[in-house]
Amino acid sequence: MNETVALVAGSTRGTGRGIAVQLGAIGATVYCTGRSTRQQRSEMNRAETIEETAELVTEAGGKGIAVRTDHLDPAQVKELIERIDREQGRLDVLVNDVWGADPLWTFDTTVWEHDLDKGLRLLRLAIDTHLITSHHALPLLIRRPGGLVVEVTDGTADFNGTHYRNSIFYDLAKTAVNRLAFAQSHELRPHGCAAVSITPGFLRSEMMLEHFGVTEDNWRDGAKVHEDFILSETPAFTGRAVAALVTDPDRMRWSGSSVSSGELAKEYGFTDLDGSRPDVWRWIVEVREAGKTADPADYR
């Protein structure tokens, strides 16, 4: 295909950054959006910025463009899409990865015990942002057949459909995003465009590395805290999954699907940065939940 123009909404850190950089690796122009800049931090109050992400995209071989955008503000999103149209005249890929709600939910807390304001804020950040972005971006994306929407979540539709995800608010958010991709696939199909939901596995994001007290150099030590961490993956793994979809001329076959980075790695043959193909979701079902033992290497 011609040079790809992509918008990665929520690309400040983690999966979004990994996707943006790997799209840069295939030569894409990537608009990197989020609320954290070198001048202003979001409520996450972390050091990562969209400018850094854009620079990494350019270093990878693409063109990174940082645009501070609050995706809860329709006016800001509308202005963003108008800018992309004005500068590029097209949009080939929309990645809805906005989240930023990690401080807002509590593990294993019932709905009546959970802070209601935080729970509702989580749902707004996780779902409303995606809807607002799609509302404004899809008229530009459907101008050309072949457009792709990627909804980023946690857990496939099959897994989330049979597992309680630790909190009603978190459960609803991650289940809803899978459904968003399914629903959008139906609306996009007449225009020759696709929508897919994708989940990383056990992600070695900047925040997760800090949580486990490790770095990318000694990340395996994190398995001493949580055994599943031995099957963790870098954000680049999901990034390569999205890049594989973007460069697949037959990507319409995935439309409406809910897939994991590990599943797509098997299909397309890419690996994580260390040459492995971690698949923690399969490990959880086949080994941990089944009460069996297995060599984690068999799931990498």
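Run Pro103 past the list (1) free of Cβ contacts under 8 Å to residues at least 24 places away in the same chain; (2) not in a loop (DSSP other than H, G, I, E, B) and report the number of the one that doesn't hold.
Result: Pro103 passes all but (1).
May I ask you to say which residue of Thr15, Thr29, Thr53 is touching a Pro at 6+ places or on another chain (Cβ under 8 Å) and among the polar types (S, T, N, Q)? Reasoning before the result, please.
Numbers: Thr29 fails: touching a Pro at 6+ places or on another chain (Cβ under 8 Å); Thr53 fails: touching a Pro at 6+ places or on another chain (Cβ under 8 Å).
On inspection, the qualifying residue turns out to be Thr15.
Do we have any residue at all in segment 205-214 that's more than 16 Å from Thr153 (Cβ to Cβ), among the β-branched types (Val, Ile, Thr), over 20 Å from the mean Cα position of the chain (by Cα) and surrounded by fewer than 18 Cβ atoms within 10 Å (Cβ to Cβ)?
Filtering segment 205-214 for residues more than 16 Å from Thr153 (Cβ to Cβ) gives 206-214.
If we keep only those that are among the β-branched types (Val, Ile, Thr) too, we end up with 214.
Remaining after also requiring over 20 Å from the mean Cα position of the chain (by Cα): 214.
So of that shortlist, the ones also surrounded by fewer than 18 Cβ atoms within 10 Å (Cβ to Cβ) come out as none.
No, that holds for no residue.
Find the residue count for segment 46-64, including only residues that are modelled with pLDDT of 95 or more, over 18 Å from the mean Cα position of the chain (by Cα) and either over 15 Å from Val8 (Cα atoms) or assigned to a strand (DSSP E or B) (or both).
So the count comes out to 4.
Would you point out which residue out of Thr69, Thr110 is more than 20 Å from the chain's Cα centre (by Cα) and either farther than 17 Å from Gly34 by Cβ or in contact (Cβ under 8 Å) with a residue 60 or more places away in the chain (or both)?
Working: Thr69 fails: more than 20 Å from the chain's Cα centre (by Cα).
Thr110 is the lone residue from the list that is more than 20 Å from the chain's Cα centre (by Cα) and either farther than 17 Å from Gly34 by Cβ or in contact (Cβ under 8 Å) with a residue 60 or more places away in the chain (or both).
Consider segment 245-281. How many of its residues are more than 20 Å from Phe182 (Cβ to Cβ), more than 16 Å from the chain's Cα centre (by Cα) and crowded, with 17+ Cβ neighbours inside 10 Å?
Of the residues in that region, 5 qualify.
When the residues of segment 157-178 are filtered to those that are over 19 Å from Glu289 (Cβ atoms) and either free of Cβ contacts under 8 Å to residues at least 24 places away in the same chain or among the polar types (S, T, N, Q) (or both), which remaining residue is surrounded by the fewest Cβ atoms within 10 Å (Cβ to Cβ)?
Going through the qualifying residues, I end up with Ser167.
Residue check: is Ala236 in contact with a Leu (Cβ under 8 Å, 6 or more places away or on another chain), closer than 30 Å to Pro190 by Cβ and small (Gly, Ala, Ser)?
Values: in contact with a Leu (Cβ under 8 Å, 6 or more places away or on another chain): yes; closer than 30 Å to Pro190 by Cβ: no; small (Gly, Ala, Ser): yes.
Spelling it out, it is not the case that Ala236 is in contact with a Leu (Cβ under 8 Å, 6 or more places away or on another chain), closer than 30 Å to Pro190 by Cβ and small (Gly, Ala, Ser).
For segment 103-126, indicate whether the set of residues that are among the aliphatic types (A, V, I, L, M) and touching a Pro at 6+ places or on another chain (Cβ under 7 Å) is non-empty. Before you say what the answer is, go through the steps one by one.
Initially, segment 103-126 is screened for residues among the aliphatic types (A, V, I, L, M), giving 104, 111, 116, 120, 122-123, 125-126.
Next cut, touching a Pro at 6+ places or on another chain (Cβ under 7 Å) only: none.
No: segment 103-126 contains no residue that is among the aliphatic types (A, V, I, L, M) and touching a Pro at 6+ places or on another chain (Cβ under 7 Å).
Mind checking which residues of segment 4-40 are in contact with a strand residue (DSSP E or B) (Cβ under 6 Å, 6 or more places away or on another chain), polar (S, T, N, Q) and part of a helix (DSSP H, G or I)?
Across segment 4-40, the qualifying residue is only Thr15.
Quick one: count up the residues across segment 106-137 that are outside any loop (DSSP other than H, G, I, E, B) and either touching a strand residue (DSSP E or B) at 6+ places or on another chain (Cβ under 7 Å) or β-branched (Val, Ile, Thr) (or both). Explain how you work it out, then say what you get.
Step one: list which residues in segment 106-137 are outside any loop (DSSP other than H, G, I, E, B), which gives 116-137.
Okay, now just the ones that are also either touching a strand residue (DSSP E or B) at 6+ places or on another chain (Cβ under 7 Å) or β-branched (Val, Ile, Thr) (or both), so 127, 129-130, 132-134, 137.
Final tally of qualifying residues: 7.
Only one of Glu43, Glu87 is modelled with pLDDT of 95 or more, acidic (Asp, Glu) and either crowded, with 19+ Cβ neighbours inside 10 Å or not in a strand (DSSP E or B) (or both); which? Break it down stepwise before answering.
Values: Glu43 fails: modelled with pLDDT of 95 or more.
The match here is Glu87.
Give the residues of segment 138-162 that are assigned to a helix (DSSP H, G or I) and either within 19 Å of Asn178 (Cβ to Cβ) or in contact with an Asp or Glu (Cβ under 6 Å, 6 or more places away or on another chain) (or both), sorted by residue number.
Leu138, Leu140, Ala157, Asp158, Phe159, Asn160, Gly161, Thr162 - these are the residues of segment 138-162 that are assigned to a helix (DSSP H, G or I) and either within 19 Å of Asn178 (Cβ to Cβ) or in contact with an Asp or Glu (Cβ under 6 Å, 6 or more places away or on another chain) (or both).
Of all residues in segment 267-293, which are outside any loop (DSSP other than H, G, I, E, B) and either on the phi > 0 side of the Ramachandran plot or touching a strand residue (DSSP E or B) at 6+ places or on another chain (Cβ under 9 Å) (or both)?
Step one: filter segment 267-293 for residues outside any loop (DSSP other than H, G, I, E, B), giving 267-268, 280-288.
Within segment 267-293, Glu267, Val280, Trp281, Arg282 qualify.
Select from segment 187-202 the residues that are farther than 19 Å from Leu140 by Cβ and aliphatic (A, V, I, L, M) and list them in ascending order. Spell out the reasoning first.
Of all residues in segment 187-202, those farther than 19 Å from Leu140 by Cβ come to 197-202.
Across segment 187-202, the qualifying residue is only Ile198.
Only one of Phe229, Phe182 is over 14 Å from Val93 (Cβ atoms), in contact with a Phe, Trp or Tyr (Cβ under 8 Å, 6 or more places away or on another chain) and touching a residue at least 24 places away in the same chain (Cβ under 8 Å); which? Even if it seems obvious, please write down each step before you answer.
On the way: Phe182 fails: in contact with a Phe, Trp or Tyr (Cβ under 8 Å, 6 or more places away or on another chain).
When all the criteria are applied, what remains is Phe229.
The values are calculated or read from the model by the stated rules, or taken from the named source; none is laboratory data. The structure presented is a predicted model; accordingly, all values stated were derived computationally and were not measured. FYI the Cβ positions are ideal-geometry reconstructions off the backbone, even for glycines, and counts take in every protein chain you see.
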